[in-house]
1. Build a GNM of the chain with springs between Cα atoms under 10 Å: which of E44, E76, E186 gets the top mean-square fluctuation?
2. Solvent-accessible area per residue for segment 5-237 at a 1.4 Å probe radius, Å²?
3. Between Q41 and R209, what FRET efficiency comes out of the Förster formula 1/(1 + (r/R0)^6) with R0 = 41 Å and r the beta carbon distance, rounded to 0.05?
4. Report the full-extension gain for the segment A218 to D188: residue separation times 0.36 nm, less the Cα-Cα distance, to one decimal in nm.
5. Would you work out the relative contact order for the chain, in percent, from Cα pairs under 8 angstrom that are 6 or more residues apart?
6. So if I place +1 on the C-beta of Lys and Arg and -1 on the C-beta of Asp and Glu, and nothing else carries charge, what would the dipole magnitude of the chain be about its Cα centre? I want it in debye, nearest 20.
7. For segment 176-244, taking Cα atoms only, what is the radius of gyration to one decimal and the Dmax to the nearest whole Å?
8. Using a Cα-Cα cut-off of under 16 Å, which lysines could be cross-linked to K200, ignoring same-chain neighbours fewer than 8 residues away?
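The values are calculated or read from the model by the stated rules, or taken from the named source; none is laboratory data. The model shown is predicted, which means the values in this text are computed figures rather than measured ones. Reconstructed Cβ throughout: ideal geometry from the backbone, glycine too, with neighbour counts over all protein chains shown. Heavy atoms of the whole protein, side chains included, go into the accessibility calculation; ligands, DNA and RNA do not. Shrake-Rupley method; radii C 1.70, N 1.55, O 1.52, S 1.80 Å.
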Amino acid sequence: MDKRVAIVTGASRGIGRGIAKRLAKDGRHVVAVARNAEQLQSLEAEIIAAGGSCEHRTCDIADGLAVQRMVEEVSEKHGRLDILVNNAGITKDGLLMRMSDADFDEVINVNLRSVFIACRAASRPMLRGKFGRVVNIGSVSGVEGNKGQANYASAKAGVIGLTKSMAKELGAKGITANVVAPGFVETDMTAFLGPDDKKKVAEHITVGRLGIPEDIAAAVAYLTADDAGYITGQVLVVDGGLPM
Ligand code: NAP
């Protein structure tokens, strides 16, 4: 494999699908990961039809061992791993005083623990290759906190601490690690907002609209570029200018 190999989790839909398509367009071999095989197959076909390079793997990132195996198998198959984008994520919103232990634990497990396991597994092949670009998708909620998102904001804030630590540990080895923290992006995750809600939200956003997956993908493409080696340990907020 002479192309740079990029794992993108949560690539079946939403932001991850946008990231996968953009990285493939930029000449990466994309390994698209999620649970929904049908959606991953359609993404793979779409990328290949557009002249890109892609394969898909189903993996439930709630299962730490499966995440570890997935990263190891991809690195072994291609003899390299250059880019890791930990994008898959969930919400289980509720006010703190009513939030169950299970909803807290599930969000931490999927949104933070899986990122830790994937980063740990990716470190070895990236060290071997003396090159690595890790982008973890955070959220403005992880920077600012948010009502109804104690679990989600904790996980996303944890992702920032994890990423900065990884950046410090591996920076001298050619490996960068950064967070992209989106604001409101139009995906299934924000589908609970009706047209009127979206209009109201957009009025508070400086650029006057909600984000689209391509907006986040552009930031990921920037941070995973070969010549982005001097940017590490950063949190790039991509929210169109959203006052929290
Ligand atoms: P989405 O449309 O709900 O998509 C979530 C993706 O994560 C899907 O591809 C889903 O794939 C995957 N996923 C969820 N649980 C998984 C699991 N257990 N194993 C494997 N894959 C799993 O969400 P999105 O809006 O694109 O969000 C993507 C990332 O951006 C998340 O980390 C989210 O927290 C973050 N973010 C989103 C917004 C926003 O406004 N949309 C704002 C800030 C941050 P399968 O269902 O096929 O497994």
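1. E76
2. On the way: 11020 Å² over 233 residues.
For segment 5-237, the per-residue accessible area is 47 Å².
3. Efficiency, from the Cβ-Cβ distance: 0.85.
4. 8.8 nm is the gain from fully extending A218 to D188.
5. After rounding, I find 20 percent.
6. 600 debye
7. 13.7, 42
8. none
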